[in-house]
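Contents: one structure, followed by commentary.
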Amino acid sequence: MHAYKDAVLTFDEWINVEKNLKVHGLSGPGCLFGLSADELMDILDISEYTSYKIVQRMKTMNVFLKHIYEYEQKGIRIITKYDEEYPQILSKKMKKNAPTCLFVVGNLPVEFEGISLTGLQTVTKKEKGCIKRLVDKINNENKWLISNDCKGVDQEAFQYALHHHGHIISFLCEKMEDKAMEYKRYIRSGNLVLLSAIDPIKRFTVTHAIDRNSYVCGLSKFQVVVSSKINSGATWFTIMHNMHHNWTISLVIDNDCFGNQRLLEMKTTPLYVKNIVSDMSFEMIYNENKKEEVEEEINIDQMSIFEFIGDANG
C-alpha cells in the first residue's frame, strides 16, 4: 500500500513466497507472523532483502490496520485472493498473474458471468446502435457488463447499462474514491461494483491501465470487439495479449473497421449484425459462428487435397 515508506515486495517476490508456502505445506501467509528474518530465509528459501521487507511489514501492521479502517469508512474494503469473496474466475484464468488483492466498493457477487465490450475512443453512430443492442442482450441474459472505465466504446456501454438497470463491474486504475461518490446511487442499489488492483490514492500509469485491461478480460466469459485499429493503441495491444493468454473468448463484430477485418483473418470468432439483433444468447452465437469457421477450414482443407490430387494426376 502507498502508506508504507519501505520498499514493497515485487510481484515476482511474492509469487516465490506463495509457491514456497505450498511446497512446505504451510496453510497461508498467516503462518509468516512471528517468524524472524533468518527463519523466513530458511523456511521459504528467499533472499535476505525479501525477508527483511516481510519483517518490516509485520512490524508496521498497525499502520496497515489504520489505513484499512480509513478506507472502510469511505466504503472501500480490501480482499485478497485467499478470501472467499475474491472472484474465482480471475484466479482460475490468470493463475499467478491474478492480482493478489482487490479494493472493492459495492456488493461483489460470489458467482457471475461477465461480458465486456472493447473498442476505440471514437464511436460512430452505427457503432452506438450496436453497443446499445449488445448491452440489452447482456441485461436480458442477466449477465454483468465488465467495464474498464475507458472513453469511447466502453463508456458508451457503461452509461447505457447504468441507465437501463444493467449490472456492471467497473475495473478502475485511478480515482476510485471519486467514482464511488459519483455513482453511489447505483452502488447502493446493487447495480454497480467498483474494483481496483491498486491503492486508490495512487495516480494513473500506463502499466496500471494495461494490467486493468487484462483483468477485465479475466473477468469476462466473452469480450466483444466493437472496433479496433491495427498495431495501434491499448485496444489492439489488449486483444493481442488476450489471444496469446486465452483469458477470454473474443467475438469480433464483422464491420468495416480494418482492425476487425484483420482480427477475423486471424480466425477470431465473428459476430454479425444479424446475431446482435437476434434473440440468440452469446453462448449460442459463439457456438454457431465457431462452427461456421471450423466448417470453412474443413472445406478449404478439402479443396487443397483435391487440388493436390489434381496436380498429381496432371
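Give me the percent of DSSP beta bridges within the chain that run antiparallel, rounded to the nearest 5.
Here the share of antiparallel DSSP bridges comes out near 25 percent.
Whole number in Å², please: accessible area per residue of the range 141-254, 1.4 Å probe, ligands, DNA and RNA not counted.
Per residue, the range 141-254 has 44 Å² of solvent-accessible surface.
Which angle between 0 and 90 degrees, to the nearest 10, do you get for helix 233-245 versus the longest principal axis of the chain when only C-alpha atoms count?
Helix 233-245 and the main axis of the chain meet at about 90 degrees.
Convex hull over the alpha-carbon atoms of the range 10-98: what's its volume per residue in Å³?
111 Å³
Would you calculate a helix-derived [θ] at 222 nm for the chain, using -39,500 (n - 2.57) for each DSSP H run of n ≥ 4 and dividing by the full residue count, to the nearest 500?
Estimated from H runs of four or more residues: -16000 deg cm²/dmol.
Nearest 0.05, what FRET efficiency do residue 33 and residue 237 give at R0 = 41 Å with Cβ-Cβ as r?
E(calc), rounded to 0.05, equals 0.55.
Taking the Cβ-Cβ separation of residue 290 and residue 77 as r and a Förster radius of 45 Å, what is the calculated FRET efficiency to the nearest 0.05?
0.70
Which value does Rg/Rh take for the range 63-183 over its C-alpha atoms, Rh per Kirkwood?
Here the Rg-to-Rh quotient is 1.00.
Give or take rounding to whole Å, what are the principal axis extents of the alpha carbon atoms in the chain, in descending order?
So the three principal-axis extents are 78, 56, 32 Å.
Once the Cβ-Cβ distance between residue 122 and residue 177 is put in as r, and R0 is 25 Å, what FRET efficiency do you end up with, to the nearest 0.05?
Given R0 = 25 Å and the Cβ-Cβ separation, E is 0.30.
Over 18 Å, how big is the tail of the calculated P(r) for the range 154-246, in percent of all Cα pairs?
For the range 154-246, the share of Cα pairs beyond 18 Å comes to 51 percent.
Calculate, in nm to one decimal, what residue 70 and residue 261 gain on full extension: separation in residues at 0.36 nm each, minus their alpha carbon distance.
Here the segment from residue 70 to residue 261 would lengthen by 63.9 nm.
Compute the angle between helix 206-219 and the longest alpha-carbon principal axis of the chain, please, reported from 0 to 90 degrees and rounded to the nearest 10.
With rounding to tens, the tilt is 70 degrees.
Using the per-residue mean of other Cβ atoms lying within 10 Å as a proxy for protection, in what order, highest first, do the peptides 7-18, 172-183 fall?
My ranking of the peptides, most packed first, is 172-183, 7-18.
Compute the angle between helix 61-73 and the longest alpha-carbon principal axis of the chain, please, reported from 0 to 90 degrees and rounded to the nearest 10.
The answer is roughly 50 degrees.
The values are calculated or read from the model by the stated rules, or taken from the named source; none is laboratory data. Predicted, not measured: the structure shown is a model, and the values here were computed from it. All Cβ positions, glycine included, derive from the backbone under ideal geometry; neighbour counts span all protein chains shown. Just the protein is used for accessible areas: all its heavy atoms, side chains included, with ligands, DNA and RNA removed. Shrake-Rupley method; radii C 1.70, N 1.55, O 1.52, S 1.80 Å.
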